[in-house]
Amino acid sequence: MGKKVKKEVEPPPKDVFDPLAIESKKAETAVLMLQSPEEDILAKSCDALYKFAQKGVENKVTLLGLGAVESLSKLICHEDKIVRRNATMVCGIMAAQNDVRKMMQKLDMIPSLIARLTPEEEVVVHEFATLCLVHMANEYISKARIFELNGLEHLIRLLSSPDPDVKKNSVECLYLLAQDFQSRSAICEQNAIPPLLELLKSDYPVIQQLSLKTLGSVSCEAECRQALKERQALDQLLKILEAKELNDLHVEALLIIANCLEDVDTVQLLQQSGGLKKILTFAETSPLPDVQRNAAKAIAKSAHNAENRKFFHEQEAEKTLVDLLGSDNNGVKVAALQAISVLCANMASKDEFSKSGILQVINLLNKDNAEVQEAAVFALANLTTGCPNNVGALVEADGVDALVSLLTDNREGAIANACTVLINMAAQEPLRLAIQNHGVMQALVATLQSASNLVLRKAVLTVAALGCDAEARAEFRNADGSVHLVKLLSSNHDEVRRNSCWAIAVLANDEVTAAELYKLGAFEVLQEMNLSTSRRNNFSELAENKLLDNNLSMKYNQKGELSYSNLIKDGFYDHGRLKPGAKLPSLEELSKQMLNQNRAVLLVNTKYPELITLSPPPVEEKPEPNHGRSPSSHSRSASREKGGTSVPSPVDDKDLPSGRSPSLSRSGLKEKSSSKMKSKVKKGEEKMKEEDEISLAKIQPEPVPQITQWFPPVDQDLVDYISEVTSTILPMPHPRDQVVALAQFVAEKMGGPIAKDRLQEFSWELHVSELKYELKCNVIPIGKIRKGIFYHRALLYKVIADRIGLSCSLTRGDYGRAWNKVKLLDDSIHAGTKAFPETYIVDLMYEPGRLMKHGGAEADHYLHI
């Protein structure tokens with residue numbers, strides 16, 4: 001054998017780099033190595049970065065700053081499986097940081113991540129790709145991108161993955177996507193309900209919980225609820241509720257049931273199967289506050305449907321909700337109150353609550369918790385609507401103070417509902433009067449200054465509801481409520497403006513309040529509003545008319561007509577027409593004007609001025625002899641000489657006839673008890689003579705009556721007219737006779753009948769001018785006119801007719817025309833026959849007492865129409 005020759009080792013090729021083992025201790029190096037073309041180095045670098053990023057948030061931020069995300073966005077699509085897997089793992093971990101997610105959105109990594117969800121990829125890749133999508137699905141932009149790229153299909157398929165982490169991430173991502181209504185419908189359309197229900201059988205509670213949350217979101221859609229019903233999901237959910245060991249899932253299960261209860265057929269199905277009773281029993285007996293709260297919410301949500309309310313009433317849901325009011329948890333109370341608010345739309349349920357739960361709801365008004373108070377007053381607003389029994393219970397339980405205090409709350413919902421309850425209470429007069437004793441009008445005045453339109457429109461309606469009584473109106477005026485109410489007429493909110501008009505229409509029934517509103521400019525605002533097509537409303541014209549009804553002088557001036565119900569009272573004056581935009585001067589202003597050539601202002605006044613008695617200091621002087629005149633007559637004559645204003649004779653109230661105004665009683669005294677007065681005067685004179693004889697020097701003068709303010713002069717002639725008509729025409733049995741007789745009476749007092757062809761010769765202008773000069777005033781009492789034409793006679797006719805209860809209207813025409821309309825039954829109609837009264841115009845000029853049918857040729861000729 002030959003000698004063995006040692007085989008020579010061939011040297012490595014000169015163009016091949018010898019393997020180099022590198023050990024790096026810095027993340028920067030690993031990030032730089034992500035640019036390497038070698039799969040092994042890329043895989044090891046990604047693995048190292050995964051471990052580094054897993055250690056904390058700061059490390060994730062560090063890698064972001066080193067530019068690792070840009071490199072990883074490319075590597076998750078690498079050809080090598082190991083590189084793809086490791087890069088996806090790093091992305092899944094780093095996506096938990098907000099800035100990292102923003103960078104991923106900027107780099108549009110979602111398409112690459114969805115591409116990793118294909119069946120060909122490893123389970124680990126599925127796990128971390130879905131984890132990364134879960135983090136990114138918290139942003140709306142990312143949700144839209146996932147939906148756009150059909151990511152739902154891959155996520156739904158992965159619900160059946162054998163790996164629990166993949167299932168958990170997939171269902172969580174679906175839950176986040178289901179917050180958007182577009183994705184909810186798509187999830188149901190892609191048949192996600194069966195796998196989601198299957199996940200309820202998982203051994204992992206977190207997967208079960210996420211599955212229930214996802215079903216709770218998608219069950220908001222009717223199609224999804226139908227799919228749940230077809231898969232008998234409600235039975236599965238009820239079993240979860242019955243299992244005490246699954247109490248961590250009860251809240252989410254109830255949310256799904258709550259959504260399903262919106263469908264009438266589902267509620268009916270549950271009632272028939274006993275499931276509805278199980279839900280109510282479960283809500284009542286569960287020890288978990290969250291469960292009870294969600295159960296109450298489920299009832300509230302379902303009870304919005306009228307049919308469902310009937311089913312709940314049959315199952316005695318009212319008892320369950322009342323029991324929940326006794327919970328120590330405020331959240332449960334709030335949810336129960338909200339459910340009561342909805343359920344009591346059923347009258348049977350409302351009656352049931354009035355028997356057992358109304359007192360508990362009222363007591364919750366006094367709780368310190370603001371949310372409970374607001375829910376309680378909301379429930380009371382619904383419970384008291386259309387239910388007088390519940391309204392009365394509020395007063396009996398002393399709940400009014402709590403309601404009034406809520407008017408000053410800072411939550412508009414609480415204020416608005418408190419107003420609703422007060423409005424419901426105000427419908428009953430005894431309760432309305434009881435509310436006023438709690439300072440409600442003052443509280444409402446503060447509410448009228450709110451910046452919330454909801455609060456304003458409710459508060460104004462409450463003012464209208466409570467302002468039906470004189471005391472309430474006085475309290476409202478004293479608190480300056482009229483000022484704020486008038487301001488609201490200019491609101492830009494239609495309903496606030498409309499409700500303010502209604503409130504003014506109610507308050508204006510009071511003469512004093514109407515005068516105050518007029519002074520504050522309400523009439524001008526309403527006039528302007530009614531001329532606007534966009535701002536006028538159903539009540540603006542009513543409010544204007546109500547203000548005018550308590551200021552007939554203004555009404556006659558503005559409208560030129562007084563209706564049958566407008567009774568002329570003392571202080572009325574007819575100024576005549578004003579130019580557009582001109583303001584009607586007050587009677588006092590007109591009385592103090594210098595004499596002018598304008599038309600005389602006609603005054604109606606039978607009321608004597610109010611006096612106060614001022615006692616002068618004692619004097620020792622001898623009184624001047626009265627020459628047989630009584631002190632009262634002396635002061636009366638002195639008063640007439642001074643100012644032309646009559647002062648009433650000192651007559652005791654007990655001597656006045658009952659049911660008669662003081663002015664009328666005084667006028668009738670002269671005729672009915674003249675002998676009595678003479679005897680009184682005589683006795684008074686004898687008594688004074690005796691006193692003078694005893695101690696003439698020590699007698700102090702009587703207190704002197706002083707007028708506290710300006711009063712219009714008393715029309716003694718009108719007083720006498722009314723007295724005469726009361727005794728002669730009023731006793732007539734037939735209204736037609738009264739109408740005719742009064743017309744003849746008025747015509748007689750104002751110049752008698754005037755032939756039509758001689759009307760121009762009737763010198764009434766000269767007579768009126770002489771009266772103005774005689775009185776040194778432009779205002780003339782209507783009774784002083786002895787020569788009057790149409791508008792004088794028509795006014796006097798209306799004034800006297802109103803005093804004796806004879807119904808008639810007054811209408812102003814052109815060129816000094818005016819006329820009265822009366823309604824009378826036709827004498828030709830047989831007794832017992834149903835008939836309607838005819839409207840007639842009364843002739844006061846040509847043939848006084850002649851009645852002409854309104855609208856007929858004769859009446860038109862008379863009026864020169």
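The values are calculated or read from the model by the stated rules, or taken from the named source; none is laboratory data. This structure is a prediction, so every number in the text was calculated from the model and none was measured. Here the Cβ positions follow ideal geometry from the backbone for every residue, glycine too, while neighbour counts run over all protein chains shown. Quick note on the areas: whole protein, heavy atoms, side chains included, nothing else; ligands and nucleic acids left out. Shrake-Rupley method; radii C 1.70, N 1.55, O 1.52, S 1.80 Å.
Before moving on, here are some points about what is shown:
- Local charge for Val61 was computed over the other residues whose Cβ lies under 13 Å away, with Lys and Arg +1 and Asp and Glu -1, and equals +2.
- If you wrap the Cα atoms of the stretch 407-477 in a convex hull and average its projected area over all directions, you get 4.0 nm².
- Expressed per residue, the C-alpha convex hull volume of the stretch 703-811 stands at 144 Å³.
- The stretch 437-512 versus the stretch 381-398: alpha-carbon centroid distance in Å: 23
- Taking θ as phi - 60° and the Karplus parameters 6.51, -1.76 and 1.60, the scalar couplings of the stretch 853-864 work out to 5, 5, x, x, 5, 5, 5, 4, 5, 5, 8, 6 Hz in sequence order, x denoting glycine and proline.
- Computed from backbone phi, the HN-Hα couplings of the stretch 237-248 come to 5, 5, 5, 5, 5, 6, 8, 5, 5, 9, 5, 6 Hz, rounded to whole numbers (Karplus: 6.51 cos²θ - 1.76 cosθ + 1.60, θ = phi - 60°; Gly and Pro given as x).
- Stokes-Einstein translational diffusion, the stretch 266-391 - Kirkwood Rh over all Cα pairs, 1.567 mPa s, 4 °C, in µm²/s: 91
- Inter-centroid distance (Cα atoms) of the stretch 54-76 relative to the stretch 108-156, Å: 19
- Rel. contact order, % - alpha carbon contacts under 8 angstrom, at least six apart, the stretch 402-488: 32
- Rolling a 1.4 Å probe over the protein heavy atoms gives the stretch 711-865 an accessible area of 47 Å² per residue.
- Counting protein heavy atoms only, the stretch 697-827 has 53 percent of its accessible area on carbon and sulfur, 1.4 angstrom probe.
- Cross-link pairs beyond the 22 Å C-alpha cut-off, checked among Lys546/Lys853; Lys546/Lys583; Lys44/Lys168; Lys784/Lys823; Lys278/Lys319; Lys583/Lys823: Lys546/Lys853; Lys44/Lys168; Lys784/Lys823; Lys583/Lys823
- The residues of the stretch 295-345 have, on average, 35 Å² of accessible surface per residue, using a 1.4 Å probe with all protein chains present.
- Applying the Kirkwood pairwise sum to the alpha-carbon positions of the stretch 106-178 produces a hydrodynamic radius of 11.7 angstrom.
- When a 1.4 Å probe is rolled over the protein heavy atoms, the share of accessible surface on the stretch 464-521 that falls to carbon and sulfur comes to 47 percent.
- Seen from all directions on average, the stretch 323-362 presents a Cα convex hull projection of 2.6 nm².
- Beyond 24 Å in Cα-Cα separation lie the following of the pairs Lys519/Lys559; Lys81/Lys143; Lys519/Lys772; Lys143/Lys301: Lys81/Lys143; Lys519/Lys772; Lys143/Lys301.
- Percent RCO, i.e. relative contact order, over the stretch 99-161, from Cα pairs under 8 Å lying at least 6 residues apart: 36
- Between Thr285 and Asp494, the distance separating the two model label sites (each 7 Å from Cα on the Cα→Cβ line) works out to 5.4 nm.
- The mean accessible area for residues of the stretch 459-598, using a 1.4 Å probe and ignoring ligands and nucleic acids, is 48 Å² per residue.
- Equivalent-ellipsoid semi-axes for the stretch 367-414 (Cα gyration tensor, √(5λ), whole Å, largest first): 19, 12, 9.
- Distance between the C-alpha centres of the stretch 243-267 and the stretch 752-791: 90 Å, rounded to the whole angstrom.
- Convex hull volume of the stretch 310-450 per residue (C-alpha atoms, cubic angstrom): 93
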